[in-house]
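Undergrad: Here's a structure for you.
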Amino acid sequence: MKKKVSALLDGERFWAIIENSGKGENLENELCRLTEHEIFGYVHWWDRFHGQSYNQALWAVAHVVMGGCTDDGFDYFRYWLISRGKDVYEKAIYDADSLCDEFDKIADGGYPGWEEISYVPHHVFEKKFNKDFYDACFKARDEIEFEEVPWPELEFGWSADDEDSIRGVCPRTFDKWWGNGRF
C-alpha cells in the first residue's frame, strides 16, 4: 500500500519548521535535517497552504500594499505569507484585513513577496541527496501517493479600477496602505 505524501510530514511539523526557520530566513538549515520523504511531505504542505491562500481578499490586500499585483506577484506574496507562520497565515485566510499591521514589521526596503523561498526545499534536496527533486518524486511514485492539491476558482468582488470595491474587501488595509508607496 502506498504512503500518502501528506503523511510523510504532517501539517503541524510543517508549521514548526517554518516557525523554527525565523520566518524563512534559516529555512535551509531546518530542511537539511529532513529525510528525502520528509522533504516530499514538506513540499506537499507548502503547495497545499499556497493553494489554500489563493483567494480574492488576499489578492486585494496584496494589490493595495504593493501598488498592484500580478499573478506572479500574488504567488510571491503568498510565499511571504506562509513564511510569517501559522498564526498569521490562519488569521489571514479567514480575514485578509488582519494582515494590515503585519506590514509594519517589514523593514524599510523590504517587500511582502518572496519568490526564492519556494526554491529552498528543491535546492536542499539536490544538495543533500545529490538527486533532482522531480526525478526523485517520479521514481518514488510506486511507494508514495502524491496527492493533488486543489486550487479554488476565484470570483473577484473587487476591481483594480474601483477603489471603493477594494476598500470594501479590506478597509483597514486600504485606509492605511493605499498609495503610500512603501513597497
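Undergrad: How do the peptides 81-87, 148-154 rank, highest first, by the average count of neighbouring beta carbon atoms within 10 Å per residue?
TA: Numbers: 81-87: 18.6, 148-154: 10.0.
Taking the mean over residues of other Cβ atoms within 10 Å, the ranking is 81-87, 148-154.
Undergrad: 7 Å from Cα along Cα→Cβ at both Lys128 and Glu116: what's the point-to-point distance in nm?
TA: 2.0 nm
Undergrad: Could you pull out every one of the aspartates and glutamates with an alpha carbon less than 13 Å from that of Lys176, ignoring same-chain neighbours closer than 8 positions?
TA: Asp97, Asp101, Glu102, Asp104
Undergrad: Let me ask something else. Output wanted: per-residue J couplings in Hz (rounded whole) for the stretch 45-58, from phi through Karplus 6.51 cos²θ - 1.76 cosθ + 1.60, θ = phi - 60°, x for Gly and Pro.
TA: Going residue by residue, I get 5, 4, 5, 5, 5, 5, x, 5, 7, 7, 9, 5, 5, 5 Hz, with x marking Gly and Pro.
Undergrad: Report, by chain and number, residues whose modeled amide H sits under 5 Å from the one on Lys4, excluding near sequence neighbours (fewer than 5 apart, same chain).
TA: Glu145
Undergrad: Right, next: When averaged across all projection directions, what area in nm² does the alpha-carbon convex hull of the stretch 11-177 cover? Mind dumping the intermediate values first?
TA: Values: hull surface 40.5 nm².
Orientation-averaged projected area of the Cα hull: 10.1 nm².
Each reported figure results from applying straightforward, stated rules to the coordinates on display, with no laboratory input. It should be emphasised that the depicted structure is a prediction, and the values quoted were computed from it without experimental measurement. Counting neighbours? That spans all protein chains shown, and the Cβs are built from the backbone with ideal geometry, glycine included.
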